[in-house]
Structure formats: structure tokens, C-alpha cells
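Everything below concerns the one structure shown next.
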Protein chains: 2
Amino acid sequence: MALNKSPYRGTRDFFPRDMRLRNFIFHKMAEVSEQYAYEPYDGPLLEEVELYLAKSGEELINEQIYSFIDRGERNVAIRPEMTPTLARMVAQVHRETPKPIRMYAIPNLMRYEKPQKGRLREFWQYNADIFGAGMLGEIEILQMCVSLLKSFGANSSQFGVHINDRRFVDFIFNGLIGLDEVSNKKLYKLVDRKNKMPAEKFAAEVRAIITEEDKAKIFEAYTGLTSAADIKNFIDKYFSETGVSDFHHNKTASPVAVSSHVAPLLETLKKISELGLDEYVKFDPSIVRGLDYYTGLVFEIFDKHPDNNRAIAGGGSYANLLQIFNEQALEGVGIGLGEVPLTEFLKAHNLMPDFSKASIDYLVAYLVPEAEAMALNLAQQLRTKWGKKVEVMLGETKPKKVFTYAEKKVVGSVVFVGEEELKANSVKVKDLAERTEETLTLEEFYKKLGME
Amino acid sequence: MALNKSPYRGTRDFFPRDMRLRNFIFHKMAEVSEQYAYEPYDGPLLEEVELYLAKSGEELINEQIYSFIDRGERNVAIRPEMTPTLARMVAQVHRETPKPIRMYAIPNLMRYEKPQKGRLREFWQYNADIFGAGMLGEIEILQMCVSLLKSFGANSSQFGVHINDRRFVDFIFNGLIGLDEVSNKKLYKLVDRKNKMPAEKFAAEVRAIITEEDKAKIFEAYTGLTSAADIKNFIDKYFSETGVSDFHHNKTASPVAVSSHVAPLLETLKKISELGLDEYVKFDPSIVRGLDYYTGLVFEIFDKHPDNNRAIAGGGSYANLLQIFNEQALEGVGIGLGEVPLTEFLKAHNLMPDFSKASIDYLVAYLVPEAEAMALNLAQQLRTKWGKKVEVMLGETKPKKVFTYAEKKVVGSVVFVGEEELKANSVKVKDLAERTEETLTLEEFYKKLGME
């Protein structure tokens, strides 16, 4: 029986046109990261499962991880996310490395997902993190995300960065409303789906979780906030100047709690404004990011295209990633951006260049077998001396065949060596863009290249 | 208990300095490949095991492959080599793709090896293949290998490409000597170790496998060949002009067998000479390449350094890779070059640039908190308008701290914004290489950048 020619389910074969696109995207990611002085890193494809058990979400471990026992009885997994590896690496070096530590990577990851649009089992994810920089690190990561998307030609009508702060979220969800863990999780999930349901349905579902009407109202008010001014009004309305709620006497809503839980978000929004980023970045109370390790800023980048309106990236601040290695706390901020949703985004907005054809500078062809060595040597000169991309049509050929073949690629010039040229040690050069043709001795040809 | 900070056995963490080195190597591989008009591709990390069962060597499957059953009961493996994936991909498209097809990739592969110098469990391997180009494809691949190593600054005193031809090997091993498969394999392995043992030991071991002294002598003569002239003399000496052995009447040594099994190698050696490659490429009878799928040229690239004298790459021609997909035969030639032995090679010959420090164009620092927004905005201009690599020292700081920090990187210029500069909308720019310092208004600074 013949073998299957398809790739394993949920993975892709990257043919040259796909790979040129991937290289284009990865190149931009690396370029923008380096412009922000982030340094490249990578880790192993396999990690021991205990690393993920310590930090990853339950769904990832129970349903999505590719884990197995190796030949040495180790329980290992193909990396489903990069942050645990990064934490492991930073734990090794953070004590002797000057802060902040800025790192980026574009690893391939695998998750056992049901393949669908924008979601595959193998995918690449851009990761950038800054450690030991506090709120300014958060701002820098946001700034870099915006630069990255702008580097593809995207503008603020096409994408938006939605931010929130876990301290503020905790203040509302835990401090004010005081739900148990299970209800709290339900509320996280509900808030995440808010924009996908009618207001009445949302109000009803809120009340199914928060049974006290007073608290449900405050919660609804929270979910309607859209700006720093809104947040300030909200605090003023529901909490007295001393920070104790006018509405009810929740113990955690002390003055300390109010300021320490709300001030960072307000300060972040202020800095965003000072840097002219409010065109791109806005407060969104529905961003909560379920993962346990976030402790400060959380954000998601949304595609604004009506047919593709969803998050293409997300991230946030975390205080305790090194704890699992018995290392002292080192705060960090990270972003993860998958190439699959990014590609969907770029396609939806016509921001993707045409990668269907390969580009070469010269197509060298010889018309008689005796010219073979001359043609091959000429091609070699063009490559090594001038760094040109040169394809040789192997075997003697005819001009018509050469031009037919040249149409399948983006070719700068065709260079012919025929019987005449071989005798005269010359070449016929046809510039396909300029539609010019000239016969030059090799010496003249090289001289011309030297003046380019 | 704290988690282990080390990577999984046989894999590596790539910290920025390691990653810069890896990027440097991968960049050269891509650059040289593109100069030869090879096009990039990649395949999935996982393949179904049956793909490897069909083509890979036994050792790979039985002892080295990372295979497991996925959540959907599929028997899958992390790719231990790239050629089967490439064959699968080419099988999908070869009918409608103009020949030759030129492809390259730099995949990460995993093999369950005992980690040692130059051998790891996870490694990257440069792969380049050309399909449908016959002997000229073989020549091109050899030419490209040489160019690749030369692009790192290596010369012919540091590396050599050793070639042989499986048709010639088969003529000697099977046709002439006519051993059974088991003895044949032993002989392959012995010949592979020839240069690592004294001549007497080799002679004795040959005779342990080839019991007929006549044949053992011819075989020894074969292993002493070093050039095209040698090969011609060898044929003349042991075979009559009609191609039938003078020595004994082996049926397979008919005139047809002699010419079809020896002529391609002689022709290859002639073309190599015409292209001026004999400085780098030489015939070596000990190169046999055990893998079943080779059918024509076989080669290995050797490091000539006395402390590191071993193969850093290998490859050859194959006729039947598409057969397992029920596709018609399409001949190909490929090379595999691992980054681990390549790195050892470059280090042994001092060809490795210094990657210990990150490079940035500007280090921007502000000396008073009020200058923060100006510094961040300035950095942003330098990045987006001029494409510069800019690091901002986050939080106000002091010049002394800035200069201490700057020593840890390769910094072009330090840009200060202090109280004075903030008032005057100017910056103090200190070029660390030129050791110059000037105070410029922002307008003057940008104007200068525009003239660069």
C-alpha cells in the first residue's frame, strides 16, 4: 500500500511559497524585537512534564499536551508554550544578569487541538518578555506590540490592544464581590464572552453567579467601563474617599486596597497617553486572562476586521515565575503572538505581499554543451564575488525554453552563452524588467557589476 | 522540591550568545542556498512512524527514534531526519513542478543518542536537495557545499569533500566480490573505519570477510585508489578491454557493467576538475554511506583539523525516494549538514566570530523623571523612522551607571536627556567608538540621521 502524502493532522507542509511568507513574518518579528534591544533565545523542543505541571493551565496539561515516556523512563512533553522554558532559563542566569532582561523567541509549539481556522496542532509563536523593569516594562511591551503590527503596514483601524490589570480585576472579582473559586472562574469565563451575547443575556448570567443584586449592579457597572475617566468615576461612585465602599462594608475595600489595586492601571493609561499610544491601546474590562500566573497588566490584541474579530495575541505581567525553581521573585511582562492568527489578520486586511514566485537575479543558460563549464563558472563568479542569486539551467537548452521557464519566477536578467559567445568569451544579457539586451565580454560584464 | 533548571538531557538552552551564533550559521546556510536558487521549505515536527519505517535505517527506527502513540491512537515520531518528509512533500507536487526542483531547509531533529561531543539528542540539520537534474545536480550540490564552507572563511587546508559513487561501490562489493548481504554490511563498516586502523589490521579484517585471496587483493587495490587516473589503471589492470575480468570470470563484470558502473564517477571527477573544484573535492574509496536509498554519487565533508578529524556532513544521490508513495521515480541528490559538527569545525579553525555581546545602535538614558516621555518618544523615532536598534534605560539614572552598563554590550552611541536637554529640546550624543560628544537639538539630530 502506498504511504499517505498528507502531513500529520493539524500540522502543515511548508512549500516554498508558504515558507517565504513564514520567513517574511519571522523576519519582521526579529527585526522589531532587535530594534527594542530584545535578545534572541530558544530552548529545547522537549521538556520534562513536571515543568508544565507546575505552571501551565489544567486544560493544557490534561487535554492538549503531547507527552510521552522516553527510552530512559522520563516523562517528557513537546513544548505547548514557551514561558515555562523561559522561566527555567532565566532562573539559571538572573542573578548575574543586569536588569532588565529582554528576550524574544519564535519557537514551534504543539498542542493536541481540534484543528480549525486559526488553530492548528503545530504552530509557531512569537514570545517577547522583559524581566525586572516594573511598569515601564509593561509599557515597553505594549509599545513593541504596536510597532510590530505597524511594521506589517497595519493601522489603528485594523487592530487594537485591549488592556486591563489583574490587581484591578482581583479587587472587583475577589475583594468586592468575594466569590468562591468556582464561581470566580465562571465569572472570568462569562466576562470573556460578554461581547458575544446580548446585554440582557449577560445581565441574567451575571445574576446567576452573583446572587446579591447590589454586587451584581457594581459588577455590571465595572463591565461597562471604557476609559481612565470611567474608572475614576466608578471608584468615586461606589467607594467613599476613604476607600470604604459606600454601598456595603466589604472588608477588603480598605483605602490601601483601592489605591494599590487601581492606581497602577490608571498610571499605565496615563503613560500610554503620553506616548501617543491611545490610538492603539484602550482599557477593556472584559480582558481577564484566565492563566494563574498573571499578577499585573493583562492584554490582548484584537483584529477589528468584521469577519475575523478575535484576539491574535495576548500577554501580561507575572511576579512569581521563578518561584518553582526556589529562586527569588523576579517580575516580568510577556507577550505571545501566534503566526496562525497573525497570518489570518494580515490576509483579512490585504497586508500580505505576494510570495507565489521565487526571485532570482540571474538565470544563466547555455545553448551548446561545450559552453557548460563557462556557464557554470560564470554563475559561480556572480554568486561568490557579487552575492547574486543565480540559477543555471542545467543541460544545454534553447532560448524559447529559457523564456518560458523564466516566467515561473521573478527573474532579473537572463544570461545566454551560445556558440558565438563561447568563442568570444562573452555573454548575451537580457534584462527582463528593462527589456534591454546587450552582448558583453565577460570582462565588461564583471566591470559593470562592480559599478552597481 | 524545586524544579530542575537544566534542559532535558542531550538538548540545549540557547541563551542570546548561543542564539546569535546559531542565527549567524543559519543565515549563511540560507544565503548560500538562495544564491544557488534553492527554495526554502519545512515540514511538520511529527510524522507518522510508517513514513520512517519505509525508508530510514534500522538503527534510527529501533534505537533512536522518539515515537509515541498520540491521543488519537496514531503512532507518530518526532522527525529524526528530513529526507522522508521532503520525499512526501515532493511526491505531492512533482508532476506539475518544472524540473529541476531545488529545496533547502534547516529543521530541528531529535534522536535518542548517548550525548557526547558533536552529538546531541536535539540538533538542527541543513538539508539541500535537487530533483530531476542528473549528474549536473550532483555537481551543483558539491559546488554549493564548497561555497557554504568557504562562506564561513574556511579553505581547502581545513576541509575536504570526499566522494565516491554507489554504482562503482556496488560493482566492486556486489558484482565483483559477490558477498551475501551480511558480509557486505560488515565490509561497508570495515571500509568506513579503514583510516582509523593500521594497514595490517585492515588486511586481516578484509580476509576475515573475503575468504578468496584473489578477491581480497582486488578489494585491497580498490581501497588504495585516490584519483581518476588510479581508477582507470585499476580497471585496466584487473579487467580486460572487453570488460571481462582477466583475473577471474565473474559474470557480472560484463562490458556493460564496467562502463555503466565506472563511467559516471569518472565523468563526475572530470567535471569537478573543469570547475576548479579538485582543490576541495577528491575521490575516496572508503566513502560508501550505509543508507539503503543512495544509488549514485555519495560524499562526506571532512574536517582536516588533527584534533577533530571527522565527517561534518554527508549526502548523495537517490533514484527511488518517491516509490513508497506510488509515484514514478524521480532522481535526486541531497546533503545533510548538522549545526553541531559544523560549530565544532568553525571553532577548531577559529572561524567563529565573537557573539558574546549584543549590539545596539543607541542607548538612551534620562537623568530626571520628567524627561521620561521625551526619551521614550525619541527612542521610538529612532526605531521606526531610521530602523535603529535602541535600548532605553528604564527609570531615571546617572551617567556613571549608564557607562558601566554600556560596557556589557557593543553600543554605538549613548544619548542623554537631562534637565538642560529637556528644556532645550536637545540631546547629548556620545559616540563610544569615535569618542566624540555633541549636544544637538532634536531637529539637528534627526537631520544628521537623515544624511547617514
Filtering segment A:340-361 down to residues that are of a type in the set (D, E, K, R) and over 21 Å from B:Met103 (Cβ atoms) yields A:Glu344, A:Lys347
Can you find a residue that is within 17 Å of the chain's Cα centre (by Cα), within 12 Å of chain A (Cβ to nearest Cβ) and without any contact (Cβ under 8 Å) to a residue 12 or more places away in the chain anywhere in segment B:150-160? yes
Note on A:Pro100: of the conditions (1) more than 25 Å from B:Lys408 (Cβ to Cβ); (2) at the interface with chain B (Cβ under 10 Å from one of its Cβ atoms), unmet is (1)
So, in segment B:352-376, of the ones that are in a strand (DSSP E or B) and hydroxyl-bearing (Ser, Thr, Tyr), which residue ends up farthest from the other protein chains (Cβ to nearest Cβ)? B:Tyr366
Suppose we keep only residues that are part of a helix (DSSP H, G or I) and not hydrophobic (A, V, I, L, M, F, W, C) within segment A:88-101. Which one would you say is surrounded by the fewest Cβ atoms within 10 Å (Cβ to Cβ)? A:Glu96
I want to confirm something. Restricting to segment A:377-430 and keeping residues that are at the interface with chain B (Cβ under 9 Å from one of its Cβ atoms) and under 16 Å from A:Thr441 (Cα atoms), which single residue is surrounded by the most Cβ atoms within 10 Å (Cβ to Cβ)? A:Ala379
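Give the residue that is nearest to B:Arg121 (Cα to Cα), with candidates limited to residues of segment B:43-68 that are among the aromatic types (Phe, Trp, Tyr) and part of a strand (DSSP E or B).
Initial filter on segment B:43-68 (among the aromatic types (Phe, Trp, Tyr)): B:52, B:66, B:68.
Still in the list and also part of a strand (DSSP E or B): B:66, B:68.
Working: B:Tyr66: 10, B:Phe68: 16 Å.
In this case the residue turns out to be B:Tyr66.
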So A:Phe123 passes all but one of these: (1) in contact (Cβ under 8 Å) with a residue 60 or more places away in the chain; (2) in contact with a Phe, Trp or Tyr (Cβ under 7 Å, 6 or more places away or on another chain); (3) more than 9 Å from chain B (Cβ to nearest Cβ). Which condition number does it fail? (2)
Restricting attention to segment A:381-422, the residues that are on the phi < 0 side of the Ramachandran plot, touching a helix residue (DSSP H, G or I) at 6+ places or on another chain (Cβ under 9 Å) and without any contact (Cβ under 8 Å) to a residue 24 or more places away in the chain number exactly 3
Can you name the condition, by its number, that B:Ala37 falls short on among (1) over 21 Å from A:Phe26 (Cβ atoms); (2) in contact with a helix residue (DSSP H, G or I) (Cβ under 9 Å, 6 or more places away or on another chain)? (2)
For segment B:61-86 the number of residues that are more than 9 Å from every other protein chain (Cβ to nearest Cβ) and under 12 Å from B:Leu45 (Cβ atoms) is 4
Within the set of pairs 6+ apart or on separate chains, which have a first residue in segment A:423-443 that is in the same structural domain as A:Tyr405 (by TED's automatic domain parsing), a second that is in a loop (DSSP other than H, G, I, E, B) and surrounded by 13 or more Cβ atoms within 10 Å (Cβ to Cβ), and C-beta atoms under 9 Å apart? A:Lys428/A:Gly418
Determine whether A:Gly137 is in a helix (DSSP H, G or I) and away from every other protein chain (no Cβ under 12 Å). no
Could you count how many residues in segment B:1-16 are out of contact with any helix residue (DSSP H, G or I) (no Cβ under 9 Å at 6 or more places or on another chain) and at the interface with chain A (Cβ under 7 Å from one of its Cβ atoms)? 3
Do we find that B:Met89 is at the interface with chain A (Cβ under 7 Å from one of its Cβ atoms) and under 25 Å from A:Val390 (Cα atoms) in this structure? yes
Between A:Glu212, A:Glu220, A:Glu205, A:Glu200, which is charged (D, E, K, R), over 18 Å from A:Arg166 (Cβ atoms), out of contact with any strand residue (DSSP E or B) (no Cβ under 9 Å at 6 or more places or on another chain) and buried (at least 16 other Cβ atoms within 10 Å of the Cβ)? A:Glu205
For segment B:297-320, which positions are among the aromatic types (Phe, Trp, Tyr) and either over 11 Å from B:Gly334 (Cα atoms) or more than 14 Å from the chain's Cα centre (by Cα) (or both)? B:Phe302, B:Tyr318
Can you name every residue in segment B:17-42 that is part of a helix (DSSP H, G or I), aliphatic (A, V, I, L, M) and within 7 Å of chain A (Cβ to nearest Cβ)? B:Met19
Consider B:Glu391 against the criteria (1) within 41 Å of the chain's Cα centre (by Cα); (2) more than 14 Å from A:Ala37 (Cβ to Cβ); (3) of a type in the set (Asp, Glu); (4) in a strand (DSSP E or B): it satisfies all of them except one. Which criterion is unmet? (2)
Within segment B:6-33, tally of residues that are in contact (Cβ under 8 Å) with a residue 12 or more places away in the chain, surrounded by 17 or more Cβ atoms within 10 Å (Cβ to Cβ) and closer than 13 Å to B:Ala358 by Cα: 3
Members of segment A:131-145 found to be among the β-branched types (Val, Ile, Thr) and surrounded by fewer than 24 Cβ atoms within 10 Å (Cβ to Cβ), listed by number: none
Can you name every residue in segment A:102-121 that is surrounded by fewer than 22 Cβ atoms within 10 Å (Cβ to Cβ), outside any loop (DSSP other than H, G, I, E, B) and modelled with pLDDT of 95 or more? A:Asn108, A:Leu109
Testing A:Arg289 on (1) closer than 22 Å to A:Met135 by Cα; (2) basic (Lys, Arg); (3) modelled with pLDDT of 95 or more, one condition comes back false. Which one is that? (3)
Test A:Ala311 against the stated conditions and say whether it is among the aliphatic types (A, V, I, L, M), modelled with pLDDT under 95 and in contact with a strand residue (DSSP E or B) (Cβ under 9 Å, 6 or more places away or on another chain). yes
Restricted to segment B:46-58 and to residues being in contact with a Leu (Cβ under 7 Å, 6 or more places away or on another chain), of a type outside the set (Asp, Glu) and within 7 Å of chain A (Cβ to nearest Cβ), the residue surrounded by the fewest Cβ atoms within 10 Å (Cβ to Cβ) is B:Ala54
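Quick check on my filter: what residues within segment B:306-348 are in contact with a His (Cβ under 6 Å, 6 or more places away or on another chain) and within 17 Å of B:Phe159 (Cβ to Cβ)?
B:Ala348
The values are calculated or read from the model by the stated rules, or taken from the named source; none is laboratory data. No experiment lies behind these values; they were computed from the predicted model shown. In this analysis, Cβ positions are derived from the backbone assuming ideal geometry, glycine residues included, and neighbour counts consider all displayed protein chains.
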